[in-house]
1. So E176 ticks every box in (1) open to solvent by less than 60 Å² (accessible area, probe 1.4 Å); (2) of a type in the set (D, E); (3) within 30 Å of T99 (Cβ to Cβ) but one. Which box is left unticked?
2. Any idea which residue in region 177-190 is nearest to E109 (Cα to Cα), counting only those that are free of Cβ contacts under 8 Å to residues at least 24 places away in the same chain and in contact with a helix residue (DSSP H, G or I) (Cβ under 8 Å, 6 or more places away or on another chain)?
3. Check off (1) without any contact (Cβ under 8 Å) to a residue 12 or more places away in the chain; (2) buried (at least 22 other Cβ atoms within 10 Å of the Cβ) for P367 and give me the number that stays unchecked.
4. If we keep just the residues of region 471-492 that are surrounded by 11 or more Cβ atoms within 10 Å (Cβ to Cβ) and of a type in the set (D, E, K, R), which is modelled with the lowest pLDDT?
5. Of the numbered conditions (1) in a helix (DSSP H, G or I); (2) of a type outside the set (A, V, I, L, M, F, W, C); (3) open to solvent by less than 20 Å² (accessible area, probe 1.4 Å), E202 satisfies every one except a single condition; which is it?
6. Against the condition in contact (Cβ under 8 Å) with a residue 60 or more places away in the chain and either closer than 30 Å to R69 by Cα or surrounded by fewer than 21 Cβ atoms within 10 Å (Cβ to Cβ) (or both), how does G231 come out, does it pass?
7. Is it true that some residue in region 97-117 is in contact with a His (Cβ under 7 Å, 6 or more places away or on another chain), among the hydrophobic types (A, V, I, L, M, F, W, C) and farther than 23 Å from M235 by Cα?
8. Among the residues in region 159-167, are any among the hydrophobic types (A, V, I, L, M, F, W, C), in contact with a His (Cβ under 6 Å, 6 or more places away or on another chain) and either touching a residue at least 60 places away in the same chain (Cβ under 8 Å) or not in a helix (DSSP H, G or I) (or both)?
Amino acid sequence: MSGTFVGMPAFPKAAHDAVNNATLRGNLRHATHTIRTKRAKAVAELSDWAELREAGERIKDHTLRHLDRYLVQLEESVTAAGGVVHWAADAEEANRIVTALVKMTGESEVVKVKSMATQEIGLNEALEAAGIHAYETDLAELIVQLGKDRPSHILVPAIHRNRGEIRDIFVREMGEWGRPAPEGLTDTPAELAEAARLHLREKFLRAKVGISGANFMVAETGTLVVVESEGNGRMCLTLPETLISVVGIEKIVPSPRDLEVFLQTLPRSSTAERMNPYTSMWTGTTDGDGPQNFHLVLLDNGRTDTLADEVGRQALRCIRCSACLNVCPVYERAGGHAYGSVYPGPIGAILSPQLRGTASEIDASLPYASSLCGACYEVCPVAIDIPEVLVHLRERIAQGGRTTREGNTVVLKPAKGHAAERAAMRAARWAFSHPGALGAGQRLASRTRRFHPRTLPGPGRAWSATRDLPAVPAESFRDWWQRTRGGKDTTK
């Protein structure tokens, strides 16, 4: 993946700094609570939501099981419709392909939209190194770019900014990137939106090359789909002469009929809308209408390795709705930047370590960036069991073991700093497999409970510093059962 976030501290350090930022926490709390409340109402309108959720899960799982066949079918369909398909094994290859395609046009500017995959690979930086200026046209992405910032949310990349901060960014930076902000700009939403519209309009009308991602690709027809709420995406997709779409290989669905499910679940889970205001679909090229040159760059960049993991592969079902972020108590307090990836929140905590591996300190820390409360699984419209994958990745980090990297099976060594955890788990396994010893330990703990400390020693202090240490009961459940029910303890 991209080196954009390299150098950031591991999640615990980054989150510690974030939770001390009162403005950030206020912005996040207001935004996430508002979005999830609206989402709950939108989902409740559908009596068959559970069936749609299951259908989305089944479609995605079926597609991933037969991904090789559907990708070949997609290439054939896109080619037959006048497009050109490129295959990129990693970020470096994808950046090289896109840079070469832009240079072939002779242009030095591009407009971009719906491009999380291009953020993943660091395309803007690669284009800049080649003398090509990339302009983000999604309103939130524009705010992030003008503020020399990083996205912190899948759906609302500038969720960590309030209206006053956005107004200051527009006034300070717009003139350096193109049309300046209007005189006397205030922080009212209507004025901020109008300032962005005027700023972007001249770029849309001038740009000859557009770069996009896609929400879905249809193997049967070669159709790409982008859903959005602003209309900027449609400008980016239709006005340029050349369109280059960079899309992860997992975004494919077999047929147009499958879109029926996702075009119901995605908008309700993301923006709490019954349907997206703008749903753009295009298939190849058409003479005299829209871009006359279409290139599709299919991006792997760790996805095939993830597919090889029977537990972790369910992360590839993700349709990027961001519902899991909006209900996550950890994300609400730490914000997206602490995750050190373009994919923050619960889904980022399982996706990034699989796409990038767990060799770096920050990737090894991400599976622990969760309370395992399960709220993320409950709201996921494709039923990704994020807590299950988090535990699976924690085991891989703490214990080591076999995994797949760049198509090869490798054996990971246990990560440093987990020796005490491994020892504790081995002790627990022994105790639970010897009921007599477990019972004796429980009775000893009960009889000595008045001498127990209120906080844990050593590394345990980090846990008990912010929560009470549970008191040991006067007797164990087993002893209570034997005393009150007269049961016979067969473990002695």
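The values are calculated or read from the model by the stated rules, or taken from the named source; none is laboratory data. In this text, all values refer to a predicted model and were calculated from it rather than measured experimentally. Cβ atoms come from the backbone with ideal geometry, glycine included; neighbour counts cover every protein chain shown. Protein only, heavy atoms only, side chains kept; ligands, DNA and RNA dropped before computing areas. Shrake-Rupley method; radii C 1.70, N 1.55, O 1.52, S 1.80 Å.
1. All conditions are met except number (1).
2. Here the residue is R179.
3. (1)
4. D489
5. The one condition E202 does not meet is (3).
6. When the stated conditions are applied, G231 does not pass them.
7. Checked against the condition, which is being in contact with a His (Cβ under 7 Å, 6 or more places away or on another chain), among the hydrophobic types (A, V, I, L, M, F, W, C) and farther than 23 Å from M235 by Cα, region 97-117 yields at least one hit.
8. Within region 159-167, one or more residues are among the hydrophobic types (A, V, I, L, M, F, W, C), in contact with a His (Cβ under 6 Å, 6 or more places away or on another chain) and either touching a residue at least 60 places away in the same chain (Cβ under 8 Å) or not in a helix (DSSP H, G or I) (or both).
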